[in-house]
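Q: Below you will find the structure I want to go over with you.
The values are calculated or read from the model by the stated rules, or taken from the named source; none is laboratory data. Everything numeric in this text was worked out from a predicted model, so none of it was measured. With ideal geometry, Cβ positions are generated from the backbone for all residues, glycine too; neighbour counts draw on all protein chains shown.
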Amino acid sequence: MTTLAFDSYSEGRAHFKELLDAAESGRPALVRRDGSPSAVVDAERLRALLTESLVVHSSVVAEAGGWSIFVAGVPVAADGASFDEALEEMVDALREYAEDWQDHLLNAPNHRDNWALVQLVSLSENDQLKEWLVGASA
């Protein structure tokens, strides 16, 4: 199997259907812009890979008649009256973090390595994020 590769974005744009077909089938597909390669990948395949490879270290604490969830290494936390409510709030907090990361945190030294988390959040439905947070299979 050879990699589908185009040496310019103009060439990639002219062969966009081929790039999408390759990505959908799982074949390597690259487009170069100013010598820098970018991969075109199927979003669901990427989401599944990120779900498996990003190990979440969340802490769930029952306190004061409610629940709190913290994710180690990420400045995100959530509270709720019930576990399910706290989980909903955590999904919202992750989505807000992903937006902030894309808006202004992506180049901050203490946030730039969270790009994979941002990809996972952006590619996932709420229920998929909940399953990831509690450690269920994707």
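Q: When the residues of the range 45-75 are narrowed to those that are free of Cβ contacts under 8 Å to residues at least 12 places away in the same chain and not in a strand (DSSP E or B), which ends up nearest to G135 (Cα to Cα)?
A: Ranking the qualifying residues of the range 45-75, first place goes to V55.
Q: When the residues of the range 104-138 are filtered to those that are small (G, A, S) and in a loop (DSSP other than H, G, I, E, B), which remaining residue is modelled with the highest pLDDT?
A: Looking only at the range 104-138, we keep the residues that are small (G, A, S), and these are 108, 116, 122, 124, 135-138.
Those still in the list that are in a loop (DSSP other than H, G, I, E, B) too: 108, 124, 135-138.
On the way: A108: 94, S124: 97, G135: 83, A136: 55, S137: 42, A138: 37.
By that ranking, first place goes to S124.
Q: So is D92 without any contact (Cβ under 8 Å) to a residue 40 or more places away in the chain, closer than 30 Å to L19 by Cα, charged (D, E, K, R) and not in a loop (DSSP other than H, G, I, E, B) or not? Step through it out loud before you land on a result.
A: Details: without any contact (Cβ under 8 Å) to a residue 40 or more places away in the chain: yes; closer than 30 Å to L19 by Cα: no; charged (D, E, K, R): yes; not in a loop (DSSP other than H, G, I, E, B): yes.
It is false that D92 is without any contact (Cβ under 8 Å) to a residue 40 or more places away in the chain, closer than 30 Å to L19 by Cα, charged (D, E, K, R) and not in a loop (DSSP other than H, G, I, E, B).
Q: Next question. Restricting attention to the range 28-62, which residues are aliphatic (A, V, I, L, M) and either loosely packed, with under 14 Cβ neighbours inside 10 Å or touching a His at 6+ places or on another chain (Cβ under 8 Å) (or both)?
A: Result: A39, A43, L54, V55, V61, A62.
Q: If you go through the range 63-90, how many residues are among the small types (G, A, S) and surrounded by 14 or more Cβ atoms within 10 Å (Cβ to Cβ)? Talk me through it step by step, then tell me what you get.
A: So in the range 63-90, the residues among the small types (G, A, S) come out as 64-66, 68, 72-73, 77-78, 80-82, 86.
Of the ones still in play, those that are also surrounded by 14 or more Cβ atoms within 10 Å (Cβ to Cβ) are 66, 68, 77-78, 80, 86.
Residues that pass the stated criteria total 6.
Q: Just checking, does the range 76-87 include any residue being among the charged types (D, E, K, R), on the phi < 0 side of the Ramachandran plot and touching a residue at least 60 places away in the same chain (Cβ under 8 Å)? Don't jump to the end; show me each part of the working.
A: In the first step, residues of the range 76-87 are kept if they are among the charged types (D, E, K, R); the result is 79, 84-85.
When the remaining residues are screened for being on the phi < 0 side of the Ramachandran plot, the result is 79, 84-85.
From what is left, the residues that are touching a residue at least 60 places away in the same chain (Cβ under 8 Å) are none.
No, the range 76-87 contains no residue that is among the charged types (D, E, K, R), on the phi < 0 side of the Ramachandran plot and touching a residue at least 60 places away in the same chain (Cβ under 8 Å).
Q: Mind telling me which of the residues D34, D84, D79 ends up being more than 14 Å from the chain's Cα centre (by Cα), acidic (D, E) and not assigned by TED's automatic domain parsing to the domain that holds Q128? Can you show your working first?
A: Values: D84 fails: not assigned by TED's automatic domain parsing to the domain that holds Q128; D79 fails: not assigned by TED's automatic domain parsing to the domain that holds Q128.
After ruling out the rest, the residue left standing is D34.
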